[in-house]
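Read-outs throughout are calculated quantities, based only on the coordinates presented, and are distinct from any laboratory measurement. In this text the structure is predicted, and so the values were computed from the model without any measurement. In this analysis, Cβ positions are derived from the backbone assuming ideal geometry, glycine residues included, and neighbour counts consider all displayed protein chains.
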């Protein structure tokens, strides 16, 4: 047998082997029902990573090389119109990409954009554990790009607690939108420590009953860099307060976590901003979707989250087990884990019909076993 034909046969066998492994995961975690739809999910996620796009016309170019792009696009449209996703199973699949042990930090935030007259407003919770951040639950708000309400937040947090357990949640982070007596009281009732940035107009009540606004704290900040109050009440809930003068604003933090660590904790909130960047312009151009119906958009976000979780963990695996990502002079890595993972997958798919094809598929299988995701645990084939 000539070398070229041998490479093609090996490529088919390795690809089928990987497809069997990944399909086995969706058998254990059935986000869709039948085998054809499970294979579609896998192909759709890989095509999204390959193109780094979410538009159906772009994904259709990479979905299935054996049929015309028009047929692929019709298949995609039929799936998004007819098929229902089990979002509880989607969350379970995403949670599988987290380390098995260790406390997690939950971060809540919104992202929004406009497409013509259509306003997209997404409320999302991202989970951070050790070196990886994974989106877990999200909801599309139909409120003209307004803020989320307490019921929306509690609904998402309840799902996280049911999936992860309250005892594993070490910290909850939020920005100035995510405040209020009922919300803070719910967090305390669940035994979840939190750190939230507060607007300046909220009143601070000391233990002896004296009330003041942050403008009074501003007077203190004129003589001191930082103001700390160990025990105070804000929005009817007792906690600790930390305030620091910035160039043009005041960093005003409140929480039940240790007061001296509040600014360090709040810095971790930036992780959810990085996630939004990695699924938008730096990743899959989520803002460029032309979908207007919320249910279809919610499905697309599910696929984007799965693609992101897979790529980020692939990059982390490569960094830890294959070759560390170099660090530049400014102290940051040359590539994020998600960008490294996307590049690895795209390069592996691109080289499938050229050379070293076995190495890519072997890397995928080793990654699945490192993540403890492979249900079949089949030995690697030898050729």
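Helix-only estimate, please: 222 nm mean residue ellipticity of the chain, summing -39500 (n - 2.57) across DSSP H runs of length 4 or more and dividing by its residues, to the nearest 500. If you can, show how the numbers build up before the last one.
On the way: 13 runs with 174 residues, N = 383.
Helix contribution divided over all residues of the chain: -14500 deg cm²/dmol.
State the label only: which of (i) 1.03; (ii) 1.36; (iii) 0.97 corresponds to Rg/Rh (Cα atoms, Kirkwood Rh) computed from the shown model? It is the value labelled (i).
Can you tell me how much longer the chain between residue 35 and residue 189 gets when fully stretched, taken as 0.36 nm per residue apart minus their C-alpha distance, in nm with one decimal? Write out the running numbers ahead of the final one.
On the way: separation 154, 0.36 × 154 = 55.44 nm, distance 4.29 nm.
Gain in length upon complete extension: 51.2 nm.
So between residue 117 and residue 228, what do we pick up on full extension, going 0.36 nm a residue minus the alpha carbon distance?
Working: separation 111, 0.36 × 111 = 39.96 nm, distance 4.55 nm.
Full-extension gain reported as 35.4 nm.
Comparing 102, 331, 315 in a Gaussian network model of the chain, where Cα atoms under 10 Å apart are tied by springs, the biggest mean-square fluctuation is seen for 331. Once the Cβ-Cβ distance between residue 322 and residue 162 is put in as r, and R0 is 45 Å, what FRET efficiency do you end up with, to the nearest 0.05? Computed FRET efficiency for residue 322 and residue 162: 0.80. Select from 210, 262, 251 the residue whose mean-square fluctuation is largest in a Gaussian network model of the chain (Cα-Cα springs shorter than 10 Å). So, out of 210, 262, 251, the one fluctuating most is 210.
Among 274, 107, what is the fewest-to-most ranking by other Cβ atoms within 10 Å? The partial results should precede the final answer.
Values: 274 13, 107 23.
Exposure proxy ranking, most exposed first: 274, 107.
Please report the relative contact order for the chain, taking Cα pairs under 8 Å with a sequence separation of at least 6, and give it as a percent rounded to a whole number. Working shown, then result.
Values: 555 pairs, mean separation 69.3, N = 383.
That works out to 18 percent.
Segment 278-299 and segment 101-157 have Cα centres separated by 14 Å.
Could I get the Rg over Rh figure for segment 134-195? Both from C-alpha atoms, Rh via Kirkwood, rounded to two places.
On the way: Rg = 11.8 Å, Rh = 12.5 Å.
In segment 134-195, Rg relative to Rh is 0.95.
Computed over the chain with a Gaussian network model linking Cα atoms closer than 10 Å, the most mobile of 115, 254, 284 is 115.
By other beta-carbon atoms within 10 Å, ranking 290, 317 with the fewest at the front produces 290, 317.
Name the shape class, rounded, prolate or oblate, that the alpha-carbon gyration tensor gives for segment 27-119, where a ≥ b ≥ c are the square roots of its eigenvalues, rounded holds for a/c under 1.5, and otherwise prolate holds if a/b is larger than b/c and oblate otherwise.
Oblate, because a/c is 1.5 or more while a/b does not exceed b/c.
Which order results if 137, 332 are arranged by neighbouring Cβ count within 10 Å, fewest first?
Working: 137 24, 332 10.
Ascending Cβ contact count within 10 Å gives the list 332, 137.
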